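Peer 1: Got a structure for you, written out below as structure tokens; questions coming shortly.
The values are calculated or read from the model by the stated rules, or taken from the named source; none is laboratory data. These numbers come from a predicted model, not from an experiment. Using ideal geometry, Cβ is built from the backbone for each residue, glycine included, and neighbour counts are taken over all protein chains shown. For accessibility, only protein heavy atoms count, side chains too; no ligands or nucleic acids. Shrake-Rupley method; radii C 1.70, N 1.55, O 1.52, S 1.80 Å.
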Amino acid sequence: MRKILVLLVCMLILASCGGKEDSGAVESNEAKTDSSLSYDQATPVSIENSLPNGATFDAMYFEHYGTNPFVSTEDDSLSTFAVDVDTGSYSVVRNYLSRGTMPPNDAVRVEEFVNYFESNVSPPEKETFSVRVDGSISPFGKGYKLMRVDIKGREINVNDRKPAHLTLVIDVSGSMEQEGRLELVKKSLHLLLSQLKPEDKVSIVTYGSNARVVLQPSSLDNITAIERAINELGPEGSTNVEDGLRMAYEMARENFHPGAVNRVILCSDGVANVGETSADGILEQIKSYAKKDITLSTFGFGMGNYNDVLMEQLADRGDGNYAYIDTFSEARRIFMEELTGTIYTIAKDMKVQVEFNPETVDRYRLIGYENRDVDDEDFRNDTVDGGEIGAGHTVTALYELKLKTENPNNIGDVHLRYTDVELNEINEITKPLSITGDAGKDFNFIAAVAEFAEILRGSYWAKEGTFNHVLEVAEQNANTEKEFEFVHMVKDAMAIEAGEK
């Protein structure tokens with residue numbers, strides 16, 4: 001999407017550019033790090049004074065992926081990326097703020113903030129996806145428009161979904177004893193069990209210094225044995241993620257059922273310290289297993305000794321989703337309210353390509369998705385990995401636009417390309433772009449969410465943004481319990497900022 005020439009020009013003129021109000025202001029991307037970065041190569045971040053006794057959590061591992069620049073449509077009219085329904089960054093940051101501490105910039109991925117909130121776009125009636133494109137004047141960028149692309153997957157009733165064959169791989173290493181994180185894992189898994197059907201099956205692998213099978217595949221008819229196996233888990237040893245995942249995948253392969261959802265679920269703090277420790281080194285076959293329809297979802301627990309980088313990348317390699325569970329309420333959301341979408345994939349390798357009309361659009365900026373960038377020429381290259389969408393999931397992408405005319409008739413098109421899991425066929429959808437109409441409350445609220453994330457991560461494009469302005473827009477447009485919780489997060493950030501001055 002972002003050609004080298006554009007980036008070179010960006011770097012040359014950045015020094016003379018101001019904020020978004022400056023005509024033609026363009027920022028270059030910061031250098032991106034290798035996606036195979038292992039946690040021991042990343043820079044750990046300490047959380048000072050996070051506990052009542054003043055103890056410090058260390059070894060929090062995050063990775064910085066840069067910030068998307070404004071791109072001139074005359075240089076590059078195509079914006080291409082893989083979708084992402086992960087939400088881990090939002091709840092990680094929420095955990096920091098709830099402890100009275102600002103998160104490190106690298107912990108913030110804007111798209112995971114935006115996608116934490118489900119859009120009100122209507123689900124498709126017959127097709128796999130419905131697409132809505134709307135936009136209005138940006139509440140945070142003077143002279144700019146904000147455009148939203150919403151993608152909604154078809155919903156599947158729990159009674160209509162395929163049986164689920166779930167292999168739970170649970171970190172029981174010594175670090176899981178901290179803050180009762182293993183106990184939260186147990187409570188989370190009991191919630192998961194409460195939502196499964198009689199024909200579903202569960203097996204359990206645990207790992208500390210080494211992996212072991214705790215429970216052979218068992219149907220929900222044997223719920224007492226499954227619950228007992230979970231209740232008896234206790235912390236022990238070091239953290240050998242490699243061995244745990246290897247054993248879990250072997251069990252999933254041996255018990256694979258072509259008519260079921262075959263998924264490995266990893267519950268861990270992600271800090272591997274025995275065996276291979278990088279996303280590349282831990283089971284290079286993860287992607288090959290995903291191609292054989294054994295997918296991987298990762299759920300993170302704990303603050304201090306937590307590796308966001310590894311957990312996010314493993315889910316990416318395993319064609320699954322990544323979430324971070326900081327509270328029982330978050331576990332309830334993931335394993336009760338959204339379980340079908342969490343485990344049931346309806347489309348894989350989805351890529352989005354937005355094609356702007358250079359005659360009407362001067363420049364654009366994709367907000368977030370920096371680590372999901374896809375080369376424009378690879379949009380229809382189906383060997384290039386995309387993202388995965390679960391049943392009922394919504395994906396939202398936001399763009400800031402500078403238009404050449406006030407009310408253009410044609411600003412471009414958005415193309416979606418994906419493999420339909422049910423039909424095992426590649427489909428492509430095209431919809432016209434639009435920014436007409438008045439912005440609704442949900443539109444303005446999600447704009448506030450994105451601006452908040454931009455400020456937290458120190459984005460150049462939010463350097464003049466304030467928490468006060470975010471709070472004003474969020475309070476005026478919040479409607480749901482989840483949205484009002486966000487309002488409290490903003491207030492927490494404001495209080496922390498005031499205390500640091």
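Peer 1: If you go through region 179-195 one residue at a time, do you hit one that is open to solvent by less than 20 Å² (accessible area, probe 1.4 Å), at negative phi, at pLDDT 95 or above and of a type in the set (Asp, Glu)?
Peer 2: no
Peer 1: Between a residue in region 66-86 that is more than 20 Å from Leu416 (Cβ to Cβ) and open to solvent by 10 Å² or more (accessible area, probe 1.4 Å) and any residue that is β-branched (Val, Ile, Thr) and outside any strand (DSSP E or B), which pairs come within a Cβ distance under 6 Å, given they are 6 or more apart or on different chains?
Peer 2: Final answer for the pair search is Asp75/Val6.
Peer 1: All but one of (1) open to solvent by 40 Å² or more (accessible area, probe 1.4 Å); (2) among the acidic types (Asp, Glu); (3) farther than 22 Å from Ile496 by Cβ hold for Asp106; state the number of the condition that does not hold.
Peer 2: (3)
Peer 1: Which one is farthest from Asn240 (Cα to Cα), of the residues in region 164-178 that are open to solvent by 10 Å² or more (accessible area, probe 1.4 Å) and modelled with pLDDT under 95?
Peer 2: My answer is Gln178.
Peer 1: Which of the residues spanning region 64-85 are modelled with pLDDT of 95 or more and part of a loop (DSSP other than H, G, I, E, B)?
Peer 2: Residues satisfying the conditions are Thr67, Asn68, Pro69, Phe70, Thr73, Glu74, Asp75, Asp76, Ser77.
Peer 1: Sticking with this one: Among the residues of region 204-257 satisfying the criterion of being part of a helix (DSSP H, G or I) and of a type in the set (Lys, Arg), which is nearest to Ala164 (Cα to Cα)?
Peer 2: Looking at the filtered set, the residue picked out is Arg253.
Peer 1: Being under 23 Å from Glu475 (Cα atoms) and at pLDDT below 95 narrows it down to one residue among Lys142, Lys126; which is it?
Peer 2: Going through Lys142, Lys126 in turn, the sole match is Lys142.
Peer 1: I've got another one for you. State all residues of region 186-196 that are out of contact with any Leu (no Cβ under 7 Å at 6 or more places or on another chain) and either assigned to a strand (DSSP E or B) or without any contact (Cβ under 8 Å) to a residue 60 or more places away in the chain (or both); if no residue qualifies, say none.
Peer 2: His190, Leu193
Peer 1: Name every residue in region 209-232 that is aliphatic (A, V, I, L, M) and either over 12 Å from Val169 (Cα atoms) or out of contact with any helix residue (DSSP H, G or I) (no Cβ under 9 Å at 6 or more places or on another chain) (or both), in order of residue number.
Peer 2: Once the filter is applied, which keeps residues that are aliphatic (A, V, I, L, M) and either over 12 Å from Val169 (Cα atoms) or out of contact with any helix residue (DSSP H, G or I) (no Cβ under 9 Å at 6 or more places or on another chain) (or both), region 209-232 yields Leu220, Ile223, Ala225, Ile226, Ala229.
Peer 1: When you scan region 383-501 for helices (runs of 4 or more DSSP H) that lie fully inside it, which ones turn up with 3 or more residues that are open to solvent by 60 Å² or more (accessible area, probe 1.4 Å)?
Peer 2: 467-477, 481-500
Peer 1: Related question: Among the residues of region 291-312, how many are assigned to a helix (DSSP H, G or I), closer than 20 Å to His64 by Cα and open to solvent by 10 Å² or more (accessible area, probe 1.4 Å)?
Peer 2: Adding up the residues that qualify gives 0.
Residue-by-condition table, conditions (1) polar (S, T, N, Q); (2) more than 21 Å from the chain's Cα centre (by Cα):
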{"position": "Glu406", "(1), (2)": "no, yes"}
{"position": "Asp442", "(1), (2)": "no, no"}
{"position": "Ala450", "(1), (2)": "no, no"}
{"position": "Thr466", "(1), (2)": "yes, yes"}
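Peer 1: Counting only residues that are free of Cβ contacts under 8 Å to residues at least 12 places away in the same chain and open to solvent by 50 Å² or more (accessible area, probe 1.4 Å), which one in region 210-231 is nearest to Ser268 (Cα to Cα)?
Peer 2: So the residue we want is Arg228.
Peer 1: A further question on this structure: Got a number for residues in region 125-135 being of a type outside the set (Asp, Glu) and open to solvent by 20 Å² or more (accessible area, probe 1.4 Å)?
Peer 2: Of the residues in that region, 5 qualify.
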